[in-house]
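Just so it is clear, none of the values below were taken in a lab; they were calculated from the coordinates. In this text, all values refer to a predicted model and were calculated from it rather than measured experimentally. When we count neighbours, we look across all protein chains shown, and the Cβ atoms used for this are built from the backbone with ideal geometry, even at glycine.
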There are 2 protein chains.
Amino acid sequence: MKNLALMLFLAATVACAQDTGFRPASTNVPGADFPKVDLTGRVEIRIKAPEANKVSVNFWSGPKEDMTKMTDGYWMYTTPPMAPGLHYYTIKIDGAEVSDPSSYAYYGGGKDASMVEIPESGVDYYDVKNVPHGEIREIWYNSKITGDWRHAFVYTPPDYDTRMKKRYPVLYLQHGGGEDETGWVRQGRVNFILDNLIAAGKAKPMLIVMANGNAQPAGWKMPDMNGKGFGSPEFQEAMRHRMQAFEDDEVQVLIPYIDSHFRTVADRDHRAMAGLSMGGMQTFQVTFNHLDLFSYIGGFSGVGGMIGRDPNQPRDFKTDFNGQLADPATFAKKVHLLWIGVGTDEPKMMHDGIAKLHGELEQQKVTHIYYESPGTNHEWQTWRRDLNDFAPRLFQAGTVNTASR
Amino acid sequence: MKNLALMLFLAATVACAQDTGFRPASTNVPGADFPKVDLTGRVEIRIKAPEANKVSVNFWSGPKEDMTKMTDGYWMYTTPPMAPGLHYYTIKIDGAEVSDPSSYAYYGGGKDASMVEIPESGVDYYDVKNVPHGEIREIWYNSKITGDWRHAFVYTPPDYDTRMKKRYPVLYLQHGGGEDETGWVRQGRVNFILDNLIAAGKAKPMLIVMANGNAQPAGWKMPDMNGKGFGSPEFQEAMRHRMQAFEDDEVQVLIPYIDSHFRTVADRDHRAMAGLSMGGMQTFQVTFNHLDLFSYIGGFSGVGGMIGRDPNQPRDFKTDFNGQLADPATFAKKVHLLWIGVGTDEPKMMHDGIAKLHGELEQQKVTHIYYESPGTNHEWQTWRRDLNDFAPRLFQAGTVNTASR
């Protein structure tokens, strides 16, 4: 009897140890035991570097710490508990900053970096589930603006290939700086989020176009920025060139391409744009310059820093945002949704900049949605949540999706 | 006059120097100056590792050499001239084998490795050109065989979305060992090869399905192979399990999924399968077990090593290949194409194994195509050439593509 009790106790202990234990991350390449993640959000990183003198781990929005050399030639480090979501990191080996060979590569920071996924407990809106699935399609289009072939992804909803007479509204959705058009698919899980929302009847079936936000005019070359800071006139001028090339490509080439190659409803009532960080800035530039083309606008962690404006000066709604917010009543009739969001744990300047814009919009009586993602940083978990809140609000206006059925 | 001549001479020298000079590889991430490639196929590799003691480069089918430390903290190495095509490589930094942060990552060797593309002079069949483009579509399907969600790519030809009544033949196309379903798209450039062939009228418009060849039965776990070699009975048994899971998934789940979600002609006359290396072995296993489903068969650098047979014994056509080659006349009536190929510079065992199979097929009077890719190794340039030769031979039989128009 005593033995049975002991066995039960031991079994419970083992089960408990398993439940709180470290397991290989879903972002690992097949067969890789590390990185491991536990239920508290701690991450164990391990890399083999038997002859290295110093190895450190570099989470871009997390710990940057030395790893410890073990006797078997491996180096180890365990993070404190981290927020759920996808975290970019690299590893420094004797001064070389590289990605972790145990992780799949994700394009960020201008390179194929490593990421570790920490599951969010009780949440499955970005998981692949047993619901009808849309497709992600890769397209190539030739741009007279950038002078090259450009690669983009298009999400088509589950019924796109069966309801052949139906036409669909379109969301143009942009990644952040240092990322590319793969971000919303691989990091953002845009297809699973939309599949799940559509299956639950929460979002209208829509196309989502994800372009490469890194554009520059044909023949133009980025000047040497050696020694020039982000705030320098040269850098700002170069950014302006690139932002303009992106805007021109989207408006003059990409939108006509999508409207001629997919079954879209090609009018402003059925066209939205959103983006994260740099993509949010692009969204505000493109949409406020082309309200004839868009009627839904979303800025995810990135609308504050419009190129060329002094962040310390209050906004002047007569001129800022192309003057479109000067008359809020007219704006509200024209634009069905203005949505801005930010994570509570983002860097103070980013968080406060967007919170401040929210306050100014309130004061100006501009109808809008403001969303704060609790406990998340300038990272993909914030933007997955943003999309999950933003997408259901699209194309719900009276006229939308009725003429097209 | 003398000065003018000198200037012209200098200008010619400069132009000449530019023409033979090193340029950033197309496989680099945007903005990365290295790796650089010159017209002779030499590659300059550079990586920053200021505090490392030893850095070496490891081309999987090329040089494995120490790099040289420069005064600025960078390490450099220049290869001898290498064959055109895509070359996998990694970098070793004080014992840590990692990928090069300057290169895009490509999945190979069971991880996201680096690659450098050496252009093939005078050849553009795998380039993006100004022709109608098909799409690459990502699909997810739930497999009762493997017990999980599986990811696959489908190439749809340029007219797929405009000729809504047309049905298409299908090629199932597999990657190699250590690779995954991304290989034929990213390394192989399958879409550009097919777009170009179709635009030139050389290949029939077709769907191409690229599945993940790494499968295992639901609930089955790979046994610990510590100390067990590739030839051990345990390893062979595990391979058999995985090959069977792949075959069952393709035949019982994937093909029905494709035939119910795409406009296919769902019969053996309009279904082909091919694969490279491990994918070639999978192709021969699946097709020769299911000639009721397939009538075109391609093995790219990988048909010789059928699981479980002794490579030193001559084939017995009564039993090998499921006995289907015992009667070549019957086989020729049933199978429209049997195609095998290998690169002349592949490892001797691989090259000679496939050349030997070619000889045995000749002797047995089995109608087939044998193709040798000149000067290329067990690498993607061989397989791009294979596909470029193989695809135009598909679905050209009398009945094909007529009933379906």
- [ ] Measure nothing fancy, just the Cα-based angle from helix B:190-199's long axis to the longest principal axis of chain B, in degrees from 0 to 90, nearest 10.
- [x] 80 degrees
TODO: Any chance you could give the angle, 0 to 90 degrees and rounded to 10, that helix A:380-390 forms with the longest Cα principal axis of chain A?
DONE: 40 degrees
- [ ] Count the net charge of all other residues whose Cβ sits under 10 Å from the Cβ of A:Gln282, scoring Lys and Arg as +1 and Asp and Glu as -1.
- [x] -1
Open item on the list: Give me A:Asp161, B:Asp316 sorted ascending by neighbouring Cβ count inside 10 Å, so fewest comes first.
Closed with: B:Asp316, A:Asp161
Task: Per DSSP, loop trypsin sites (Lys or Arg not before Pro) in segment B:141-213 with at most 15 further Cβ within 10 Å - done: B:Lys144, B:Arg163, B:Lys165, B:Lys166, B:Lys202
TODO: Please list, or write none, the lysines whose alpha carbon is within less than 21 Å of the alpha carbon of A:Lys54, excluding same-chain residues fewer than 8 places away.
DONE: A:Lys64, A:Lys69, A:Lys92, B:Lys48, B:Lys54, B:Lys69, B:Lys92
Task: Positive-end residue of B:Ala105, B:Phe230, A:Tyr371, charge dipole of the protein assembly as shown with Cβ unit charges - done: A:Tyr371
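Only Cα pairs under 8 Å and at least 6 apart count here; give the relative contact order of chain A as a rounded whole percent.
13 percent
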Task: Estimated vicinal HN-Hα couplings, Hz - segment A:212-223 in sequence order (Karplus 6.51, -1.76, 1.60; Gly, Pro = x) - done: 7, x, 8, 10, 8, x, 3, x, 7, 10, 4, x
Open item on the list: Spelling out what I want: for every residue of segment A:242-256, take phi, set θ = phi - 60°, compute 6.51 cos²θ - 1.76 cosθ + 1.60 (Karplus), and round to whole Hz; glycine and proline get x.
Closed with: 6, 4, 5, 4, 4, 4, 5, 5, 5, 6, 8, 10, 5, 4, x
Open item on the list: Give me the percent relative contact order of segment A:99-161, please, defined on Cα pairs under 8 angstrom at least 6 residues apart.
Closed with: 22 percent
Task: Rg/Rg_globular for chain A, with Rg_globular taken as 2.2 N^0.38 Å and Rg from C-alpha atoms - done: 1.09
Open item on the list: Need the list of lysines near B:Lys204 for cross-linking: C-alpha distance under 20 angstrom, and skip anything on the same chain fewer than eight residues off.
Closed with: B:Lys129, B:Lys165, B:Lys166
Task: Label spacing, shortest first and in nm, from A:Asp127 to its equivalents in the remaining copies (7 angstrom along Cα→Cβ) - done: 4.8
Task: Three-way shape label, segment B:32-73, alpha-carbon gyration tensor, a/c 1.5 - done: oblate
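What shape does segment A:218-367 take by its C-alpha gyration tensor, where a ≥ b ≥ c are the square roots of the eigenvalues and a/c under 1.5 counts as rounded, a/b above b/c as prolate, and the rest as oblate?
Because a/c hits 1.5 or more and a/b fails to exceed b/c, segment A:218-367 counts as oblate.
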- [ ] Report the relative contact order of segment A:242-365, percent, no decimals, based on alpha-carbon pairs under 8 angstrom and at least 6 residues apart.
- [x] 21 percent
TODO: Quick one: with label points 7 Å out along Cα→Cβ, list the inter-copy distances for B:Lys318 in nm, shortest first?
DONE: 9.9
Open item on the list: Quick check on chain A: helices-only [θ] at 222 nm, where DSSP H runs of length 4 and up contribute -39,500 (n - 2.57) each and the sum goes over total residues. Nearest 500, please.
Closed with: -7500 deg cm²/dmol
Open item on the list: Averaging the inverse of every distinct alpha carbon separation and then flipping it gives the Kirkwood radius. What is it for segment B:81-144, in angstrom units?
Closed with: 15.2 Å
Task: Rough spin-label spacing in nm, given labels placed 7 Å along Cα→Cβ, for B:Arg23 and B:Arg163 - done: 3.6 nm
Task: Straight-distance crosslink candidates among aspartates and glutamates, where the alpha carbon sits under 16 Å from A:Lys111 and sequence neighbours closer than 8 are dropped - done: A:Glu97, A:Asp100, A:Glu179, A:Asp180, A:Glu181, B:Asp33, B:Asp100, B:Asp112
Task: Copy-to-copy label separations for A:Asn53, where each label sits 7 Å from Cα toward Cβ, in nm and ascending - done: 0.9
Open item on the list: Could you derive backbone 3J(HN,Hα) for segment A:58-65 from the dihedral phi with the Karplus parameters 6.51, -1.76 and 1.60 (θ = phi - 60°), listing whole Hz in sequence and x where the residue is Gly or Pro?
Closed with: 9, 6, 5, 10, x, x, 10, 9
Open item on the list: For segment A:211-254, which chymotrypsin sites (Phe, Trp or Tyr not before Pro) pass both filters: DSSP loop (anything but H, G, I, E, B) and at most 11 other C-beta atoms within 10 Å?
Closed with: A:Phe230
Open item on the list: Classify the protein assembly as shown from the C-alpha gyration tensor, please: rounded if a/c falls under 1.5, else prolate or oblate depending on whether a/b exceeds b/c.
Closed with: rounded
